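Remarks on the structure that follows.
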Amino acid sequence: MTNDKQAVYRLLPVMGDFRTLFLGSSLVPLIRWQIKGSPLDERPPELHAELQGNPKLRPTEFPSGYPGAPILSRRVADLVRDEFAPAGTFVPVHVDGAAPGAYVLFLVESIVDCLDTRRSSKPKKTTGEVKKAVFRPEALPTHLPAFRLPEYPGGVYWTQWATTRLHTLIGPDLEIRLVWSEDPTATPHPNPWGF
């Protein structure tokens, strides 16, 4: 992670010897909600997922790499719930083969218009994904843990303090990709939304 300058990240599980979650068709209502502008009365009430990988391996505490569906273990969610509440809500994720309540989706409701569209790459027509994002520092929601963009409502961006907090709790299972930084010496990831 970068120094004390403002920065924005994408988080996902590292490729490792542990189990992750597959969301499959459960993503459909989430994606619809995100595309429609995230109306509060249409939030998905829950998601369903299945554990993937060798059953002998341990599950990770950040098991989803889907850009708009950050899932946390119950332990991590309980530790960050109050801090993360200003940006969204926690939604149950029912997982076959896992204890009830083992995982929750952090449903990021905050959509913030903070992208410098002149200096950023054009959003992809199909998804809105912005490969090279440049943010307006004065508009960056540094008080929030995470946010989404009007241009790319299906991707969750993480702020510096929340990324540090999750890295402290989850450790090496968490892959941290720099999307943008105020620090001109920092090098953003060449493909932050890829796998």
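A single entry from Arg81, Arg58, Arg32 fulfils the requirement of being in contact (Cβ under 8 Å) with a residue 24 or more places away in the chain and either at negative phi or in contact with a Pro (Cβ under 6 Å, 6 or more places away or on another chain) (or both): Arg58.
Among all residues of the range 94-101, there is none that is in contact with a helix residue (DSSP H, G or I) (Cβ under 7 Å, 6 or more places away or on another chain) and among the hydrophobic types (A, V, I, L, M, F, W, C).
Of the numbered criteria (1) farther than 23 Å from Pro45 by Cα; (2) among the aromatic types (Phe, Trp, Tyr); (3) out of contact with any Pro (no Cβ under 7 Å at 6 or more places or on another chain), the one Phe90 fails is (1).
Across the range 116-164, which residue is nearest to Val76 (Cα to Cα) among those that are of a type in the set (Phe, Trp, Tyr) and within 13 Å of the chain's Cα centre (by Cα)?
Of the residues in the range 116-164, the ones of a type in the set (Phe, Trp, Tyr) are 135, 147, 152, 157-158, 161.
Remaining after also requiring within 13 Å of the chain's Cα centre (by Cα): 147, 152, 157-158.
On the way: Phe147: 19, Tyr152: 26, Tyr157: 18, Trp158: 16 Å.
Ranking the candidates gives Trp158 first.
Just a yes or no: is a residue in the range 159-176 assigned to a loop (DSSP other than H, G, I, E, B) and touching a strand residue (DSSP E or B) at 6+ places or on another chain (Cβ under 8 Å)? The answer is no; no qualifying residue exists.
Can you tell me which residue in the range 142-172 is surrounded by the most Cβ atoms within 10 Å (Cβ to Cβ), limited to those that are farther than 30 Å from Arg58 by Cα and in contact (Cβ under 8 Å) with a residue 40 or more places away in the chain? Give the derivation first.
Of all residues in the range 142-172, those farther than 30 Å from Arg58 by Cα come to 142-144, 148-153.
Those left that are additionally in contact (Cβ under 8 Å) with a residue 40 or more places away in the chain: 142-144, 148, 153.
Details: Thr142: 13, His143: 9, Leu144: 19, Arg148: 23, Pro153: 20.
Once the filter is applied, the top-ranked residue is Arg148.
Taking the range 11-87 and the strands (runs of 3 or more DSSP E) fully enclosed by it, the elements with 3 or more residues that are at pLDDT 95 or above and under 25 Å from Arg177 (Cα atoms) are at 71-73. Candidates in the range 108-129 are the residues that are touching a strand residue (DSSP E or B) at 6+ places or on another chain (Cβ under 9 Å) and within 26 Å of Val80 (Cβ to Cβ); of these, the one that is surrounded by the most Cβ atoms within 10 Å (Cβ to Cβ) is Val108. Would you confirm whether or not the range 136-152 contains a residue that is closer than 21 Å to Ser26 by Cα and not aliphatic (A, V, I, L, M)? Within the range 136-152, one or more residues are closer than 21 Å to Ser26 by Cα and not aliphatic (A, V, I, L, M). It is to be established whether one or more residues within the range 107-124 are under 29 Å from Gly16 (Cα atoms) and at pLDDT 95 or above. Yes, there is a match, as at least one residue in the range 107-124 is under 29 Å from Gly16 (Cα atoms) and at pLDDT 95 or above.
Can you tell me which residue within the range 88-101, out of those that are in a loop (DSSP other than H, G, I, E, B) and touching a residue at least 40 places away in the same chain (Cβ under 8 Å), is surrounded by the fewest Cβ atoms within 10 Å (Cβ to Cβ)?
Start the filter on the range 88-101 by keeping residues that are in a loop (DSSP other than H, G, I, E, B), which leaves 97-101.
Restricting the remaining residues to those that are touching a residue at least 40 places away in the same chain (Cβ under 8 Å) gives 97-98.
Working: Gly97: 10, Ala98: 19.
It comes out as Gly97.
From the list Leu21, Leu51, Leu40, the one residue that fits, being in contact (Cβ under 8 Å) with a residue 60 or more places away in the chain and buried (at least 16 other Cβ atoms within 10 Å of the Cβ), is Leu21.
Here Arg74 fulfils each of the conditions (1) basic (Lys, Arg); (2) surrounded by fewer than 17 Cβ atoms within 10 Å (Cβ to Cβ); (3) under 25 Å from Leu21 (Cβ atoms) apart from (2).
The values are calculated or read from the model by the stated rules, or taken from the named source; none is laboratory data. As the structure is a prediction and not an experimental result, all values here were calculated from the model. For neighbour counting, all protein chains shown are included, and Cβ atoms are generated from backbone atoms with ideal geometry for every residue, glycine included.
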